[in-house]
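Asks: This is the structure, below, for whatever I ask next.
The values are calculated or read from the model by the stated rules, or taken from the named source; none is laboratory data. Small disclaimer: the values here were computed from a predicted structure and weren't measured. Quick reminder, even Gly has a Cβ in these numbers, built from the backbone with ideal geometry, and neighbours come from all protein chains shown. Surface areas here come from the heavy atoms of the whole protein model, side chains and all, with no ligands, DNA or RNA. Shrake-Rupley method; radii C 1.70, N 1.55, O 1.52, S 1.80 Å.
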Amino acid sequence: MSKSRGNTVSPAEYVERFGADSLRTYICFMGPPIKGGDWSDEGVEGIFRFLARLWRLGREVAERTEGGSTDGAAGQARELLAKAHWAIDKATRDIEPRFQFNTAIAAVMELVNEIYRLKDGLYDNPTGAAAVRFATTTAASLLFPFAPHLGSEVYEWLAGQRVWEQPWPEADPELLERDTYMLVVQVNGKLRDRIEVAADTAEKELLELAKSSENVQRHLDGMTVSKEIVVPGRLVNLVVKG
């Protein structure tokens, strides 16, 4: 891409359509800065939808929760807190000194997905509601370097403070150590189940647990597994073909 070839992408049009936050976040999400990446209009639109999703979440959480303590959080509330602290740890290590902005943003996306998955079952419990508020506030603060307008706005709704005047969040080591985690099971990249497993479960056993899931078996029926992808601590993806 160069001016001489006439194939440059002007940022003005995209800022007008999607806003500066979307454009800035997408550029950082394309890949490590030293490697660059291929421009994709669909990619910018995807980031725009993600930021809009966080915006809506921030409004909802601000309306449905109040500031409170997360002490004594258990069950899904503790699970959400653990995910928030995982995102803090991941983003902190990826931003500096690695400058892997794309994986830092991906960690925030994972956190937002987890909030959406758990929030409705936590609002009625004071500790659970506080966990939802903390996790959403954390997502806003971690995204602030890439989407400063949206990040600061959501943060102020929930924390009542200016995010740029606050210290960078720190992960709680106790919440980074988990006895169990939710294993994501995919078939051809599509989510088919979530299974709670012990943190030290071996890869072979993870595969066995994934394949034994009733919902997964329905999607394996009559198919041949051509590839098994295991990411310990996160997911199993079974690639199948008829």
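Asks: Give me the extension gain from residue 93 to residue 188: residue separation times 0.36 nm, minus the current Cα-Cα distance, reported in nm with one decimal.
Replies: Here the segment from residue 93 to residue 188 would lengthen by 31.2 nm.
Asks: Taking the Cα centre as origin and putting +1 on Lys and Arg beta-carbons and -1 on Asp and Glu beta-carbons, what dipole magnitude results for the chain, to the nearest 20 debye?
Replies: 840
Asks: A follow-up question, please. For region 128-176, how big is Rg over Rh, using alpha carbon atoms and the Kirkwood form of Rh?
Replies: 0.98
Asks: Leaving ligands, DNA and RNA out of it, report the carbon-plus-sulfur percent of the accessible area of region 31-147 at a 1.4 Å probe.
Replies: 49
Asks: Now for a separate question. Between residue 205 and residue 239, what length comes free when the chain is fully extended (0.36 nm per residue of separation minus the Cα-Cα distance, one decimal in nm)?
Replies: Going from the current span to full extension adds 10.5 nm.
Asks: While we're on this one: Report the net charge of residues surrounding residue 207, where surrounding means a beta-carbon distance below 12 angstrom and charges are Lys +1, Arg +1, Asp -1, Glu -1.
Replies: Result for the local shell: -1.
Asks: List the relative contact order of region 146-242 as a percent without decimals, with contacts defined as Cα pairs under 8 Å and 6+ residues apart.
Replies: Computed value for region 146-242: 25 percent relative contact order.
Asks: Within the set of other residues whose C-beta is less than 14 Å from the C-beta of residue 152, count the net charge using Lys and Arg as +1 and Asp and Glu as -1.
Replies: Around residue 152, the charge tally is -2.
Asks: In the Gaussian network model of the chain, springs joining C-alpha atoms below 10 Å, which of 171, 199, 130 carries the largest mean-square fluctuation?
Replies: Comparing 171, 199, 130 in a Gaussian network model of the chain, the most mobile one is 199.
Asks: Probe of 1.4 angstrom, ligands and nucleic acids ignored: what's the accessible area per residue over the chain, in square angstrom?
Replies: 56
Asks: Evaluate region 155-242: find the radius of gyration of its Cα atoms, find its Kirkwood radius, and give the ratio Rg to Rh.
Replies: 1.21
Asks: Give me the distance between the Cα centres of region 158-181 and region 190-231, rounded to whole Å.
Replies: 31
Asks: If I histogram all Cα-Cα distances within region 88-242 using bins 10 Å wide from 0, what percent of pairs lands in each bin?
Replies: Per 10 Å bin, starting at 0, the Cα pair percentages come out as 10, 31, 31, 20, 7, 1.
Asks: How much net charge surrounds residue 118 when only other residues with a Cβ under 9 Å from its Cβ are counted (Lys, Arg +1; Asp, Glu -1)?
Replies: Once positives and negatives cancel, what remains is 0.
Asks: Can you give me the long-range amide H partners of residue 183? Hydrogens built in the peptide plane at 1.01 Å from N, cutoff under 5 Å, separation of 5 or more residues or another chain.
Replies: For residue 183, the qualifying residues are 195, 196, 197.
Asks: Also, quick follow-up: Taking the Cα centroid of region 41-65 and of region 109-130, what is the distance between the two, rounded to the nearest whole Å?
Replies: 15
Asks: Evaluate the relative contact order of the chain (contact order divided by residue number), counting alpha-carbon pairs under 8 angstrom at least 6 apart; express in whole percent.
Replies: It comes to 17 percent, rounded to a whole number.
Asks: From the cross-link list 90/227; 119/241; 35/204; 83/241; 119/190, which pairs have alpha carbons spaced over 30 Å apart?
Replies: 119/241; 35/204; 83/241, as the Cα separations exceed 30 Å there.
Asks: Let me ask something else. Only sites in a loop by DSSP and with at most 12 other Cβ atoms within 10 Å count here; which trypsin sites (Lys or Arg not before Pro) in region 14-52 make the cut?
Replies: 35
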